[in-house]
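The values are calculated or read from the model by the stated rules, or taken from the named source; none is laboratory data. These figures come from a predicted structure and were not determined experimentally. Positions of Cβ are backbone-derived with ideal geometry, glycine not excepted, and every protein chain shown enters the neighbour counts. What goes into the accessible areas is simple: the full protein's heavy atoms, side chains included, and nothing from ligands, DNA or RNA. Shrake-Rupley method; radii C 1.70, N 1.55, O 1.52, S 1.80 Å.
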Amino acid sequence: MKTADCDILILPGYAGSEEDHWQARWAARLKTARIVAQDDWHRPDPEAWRKRVVEAVEVATRPVILIAHSLGVVAAVEAAPRFPAGVVRGALLVAFPDIEAGADLPESVRAFAPVPRDPLPFPSLLVASRTDPHCTYERAEDYAYAWGSALVDAGEAGHINVASGHGPWPEGLMRLAGFLAPL
């Protein structure tokens, strides 16, 4: 599959994706991509976020690829059982936050817990950093195994966001292309 063959739904995390974030850049660069907007990026409501993701999948006109970052990963995983069968063909999940262990996270973020551990009904790739302040690599590895996701070790990449030096993130685009190829 190529990006032109699918609807790419970009799911930002808590606070959204600022202009220099790789997700915002990809949304501007990939013709079939769009950001799934939430009503309130700073006070996320779990049910509202899940509902918005499901609605975006339901109105898609082509096969769907999800590209989720941080809390967007959690929203995607929680919404997955509600997706129409066969519409979502894959998901690139980046920088999963361990909301169950993250005492430093806002209460509104921790309200998404518990994170489902059921296998996802579509292929997925979880990109995890060994220095992510919001999730240990071992916890990300554990969730990847539970979800049936292939795991990519991003090395010492922080939270894979602007603050960790990931503006355009060309390595991520290469990962996306490699992930899409066999779908």
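Beyond 26 Å, what percent of the Cα pairs of the chain remain? The answer is 20 percent, as a whole percent.
Based on Cβ point charges of +1 for Lys and Arg and -1 for Asp and Glu, what charge dipole magnitude is obtained for the chain about its Cα centre, in debye rounded to the nearest 20?
Charge dipole, the chain, about its Cα centre: 720 debye, nearest 20.
Once the C-beta distance of ALA111 and ALA181 is scaled by a Förster radius of 41 Å, the resulting FRET efficiency is 0.65 to the nearest 0.05. Taken over the Cα atoms of the range 1-69, the convex hull encloses 79 Å³ per residue.
Amide H contacts of ASP7 (H built 1.01 Å from N, in plane; Pro and chain starts excluded): ARG62, VAL64, ILE65 sit under 5 Å, all sequence-distant by 5 or more or on other chains. So which trypsin sites (Lys or Arg not before Pro) in the range 55-126 pass both tests, a DSSP loop state and at most 11 other Cβ atoms within 10 Å of the Cβ? Answer by residue number: ARG117. Mean separation of Cα pairs under 8 Å and 6 or more residues apart, divided by the residue count, gives the chain a relative contact order of 22 percent. The residue among VAL88, SER17, ALA111 whose Cα reaches farthest toward the positive pole of the charge dipole of the chain, with charges on the beta-carbon of Lys, Arg, Asp and Glu, is VAL88. Sequentially through the range 111-118, phi angles give Karplus couplings (6.51, -1.76, 1.60; θ = phi - 60°) of 5, 6, 6, x, 7, x, 10, 6 Hz, Gly and Pro residues having no value and appearing as x.
If I compute solvent accessible area with a 1.4 Å probe over the protein chains, what percent of it on the chain is carbon and sulfur?
Details: 4390 of 8350 Å².
Percent of accessible area from carbon and sulfur atoms in the chain: 53.
Rolling a 1.4 Å probe over the heavy atoms of the protein chains gives the range 54-183 an accessible area of 43 Å² per residue. Using a ≥ b ≥ c from the Cα gyration tensor of the range 92-142 (square roots of the eigenvalues), is it rounded, prolate or oblate, where a/c under 1.5 gives rounded and otherwise the larger of a/b and b/c decides, a/b for prolate? Oblate.
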